[in-house]
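> This is the structure, below, for whatever I ask next.
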Amino acid sequence: MKTFRADLHIHTCLSPCADILMSPRSIAAAARRKDLDVVGICDHNSAENAAAVAEAAGRLGIRALPGLEVTSREEVHILALFDELESALSLQEHVYAALPGENNEEIFGLQVVASADDEVLGTSGRFLAGATVLSLADVIGAVHDLRGLAVASHVDREGFGIIGQLGFIPADLPLDALEISRRLTFQEGRAAFGRTRPLITGSDAHFLEEIGLAATCFQLEAATVREIGLALRGLGERLVLS
Amino acid sequence: MNLKDLADRLALNVLQPVGNFDAAVTGGYTGDLLSDVMGNAKERSIWITCQTHENIVAVARLKNLAGIILVNGRKPEDPTLGKARDEGVIILGTPESAFAITGAVAGLFGRK
């Protein structure tokens, strides 16, 4: 069993609100500087840069898990993390079919699709900053159907956090974990939110210097979503350490 | 004013009728962030929102609100409808925007 330091909530230059410098190679280099073993690539409503970051990070010995940060119809953000790129792309297809509108670059920002060598491959015209018409239950169900983990993003933040939007977390919602933002320490987060569900923290990095500002340490056999799922449930000696 | 008068005068659609239409309505509150509504809505208010998630029923009960108006022609989700029926929380609807219906409700309470 090994300890893995993971920042599971990182945006790339595909997210309109993220810095243009959040390119695959730069993200990988920053992750190495911050001693991260695992990163989660979770752009708003898209996984189009996940493969490129995975390749760039892999060259540096860092595992980049493909994911999305989906916006539900309640305007709640849900992190979806997968072992397989195909699963992330399947969810992306489901999300795209439920995501109305087009991006306005002047208002929301550029949405750059990049290669593992930081070449610009194009831009996305979809309204990635928007909300899908999928309910929270639909989103979580779709993630689980694809054997992914569904984590409520930044539960301590009013905007787009589940508690801010919905007042409280519905008891029967099958979330795998709650993410606290880097504004709280793990101890503070556990005291405030960690009583009923597993807790992780992530940087929600939109700029390179934010990568790794919050990270969760896991005790796992390997850096996979399946193993992280075991750790969240405290099974088979897999653990969330801090 | 009771809930029935308010629904009649604003020509609201009744989306979930089980509950107390005779209950007094003493004001209104408009908001889509449920945490804000929990913090600031006053009891016996009519709540104007676009949120249709089932948690709106719990918030209405918790704050003892007179009822809920869903705006822009929105319909409650099925779990919301079921919970509202069980809990006796009346849900009304309007094709109007939150701005327009908030103005109309405020007008009923003498604020123009």
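> For B:ASN40, all conditions in the list (1) surrounded by fewer than 14 Cβ atoms within 10 Å (Cβ to Cβ); (2) touching a residue at least 12 places away in the same chain (Cβ under 8 Å); (3) within 14 Å of chain A (Cβ to nearest Cβ); (4) not aromatic (Phe, Trp, Tyr) hold save one; what is the number of the exception?
(2)
> What number of residues within the range B:24-55 satisfy the criterion of being modelled with pLDDT of 95 or more and of a type in the set (A, V, I, L, M)?
Within the range B:24-55, residues that are modelled with pLDDT of 95 or more and of a type in the set (A, V, I, L, M) number 5.
> The conditions are (1) assigned to a loop (DSSP other than H, G, I, E, B); (2) in contact with a Ser or Thr (Cβ under 8 Å, 6 or more places away or on another chain), and A:ASP117 fails exactly one of them. Which is it?
(2)
> Still on this structure, I have one more. If you check B:VAL105 against the conditions, is it within 14 Å of the chain's Cα centre (by Cα), over 14 Å from B:LEU10 (Cα atoms) and assigned to a helix (DSSP H, G or I)?
no
> While we're on this one: If you take the residues of the range B:56-88 that are buried (at least 22 other Cβ atoms within 10 Å of the Cβ) and part of a helix (DSSP H, G or I), which of them is nearest to the other protein chains (Cβ to nearest Cβ)?
Filtering the range B:56-88 for residues that are buried (at least 22 other Cβ atoms within 10 Å of the Cβ) and part of a helix (DSSP H, G or I), the one nearest to the other protein chains (Cβ to nearest Cβ) comes out as B:VAL59.
> Here's something else I'd like to know. Given the residues A:PHE218, A:PHE186, A:PHE193, which is the only one that is surrounded by 21 or more Cβ atoms within 10 Å (Cβ to Cβ) and aromatic (Phe, Trp, Tyr)?
A:PHE218
> Please go through the range A:145-168 and pick out each residue that is assigned to a loop (DSSP other than H, G, I, E, B) and at the interface with chain B (Cβ under 9 Å from one of its Cβ atoms).
Within the range A:145-168, A:GLU158, A:GLY159, A:GLY161, A:GLY167, A:PHE168 meet the criteria.
> For residues that are in contact with a helix residue (DSSP H, G or I) (Cβ under 7 Å, 6 or more places away or on another chain), assigned to a loop (DSSP other than H, G, I, E, B) and of a type outside the set (Val, Ile, Thr), scanning just the range A:196-211, find the one that is surrounded by the fewest Cβ atoms within 10 Å (Cβ to Cβ).
So, considering only residues that are in contact with a helix residue (DSSP H, G or I) (Cβ under 7 Å, 6 or more places away or on another chain), assigned to a loop (DSSP other than H, G, I, E, B) and of a type outside the set (Val, Ile, Thr), the one surrounded by the fewest Cβ atoms within 10 Å (Cβ to Cβ) is A:PRO198.
> Could you go through the range A:85-96 and let me know if any residue there is surrounded by fewer than 20 Cβ atoms within 10 Å (Cβ to Cβ), at positive phi and not aromatic (Phe, Trp, Tyr).
no
> Which residue is nearest to B:VAL105 (Cα to Cα), if the candidates are limited to the range B:12-35 and must be within 14 Å of chain A (Cβ to nearest Cβ) and in a loop (DSSP other than H, G, I, E, B)?
Per the criteria, the residue is B:GLY31.
The values are calculated or read from the model by the stated rules, or taken from the named source; none is laboratory data. If you're wondering where the values come from, they're calculated on a predicted model, not measured in any experiment. We place every Cβ from the backbone using ideal geometry, glycine too, and count neighbours over all the protein chains shown.
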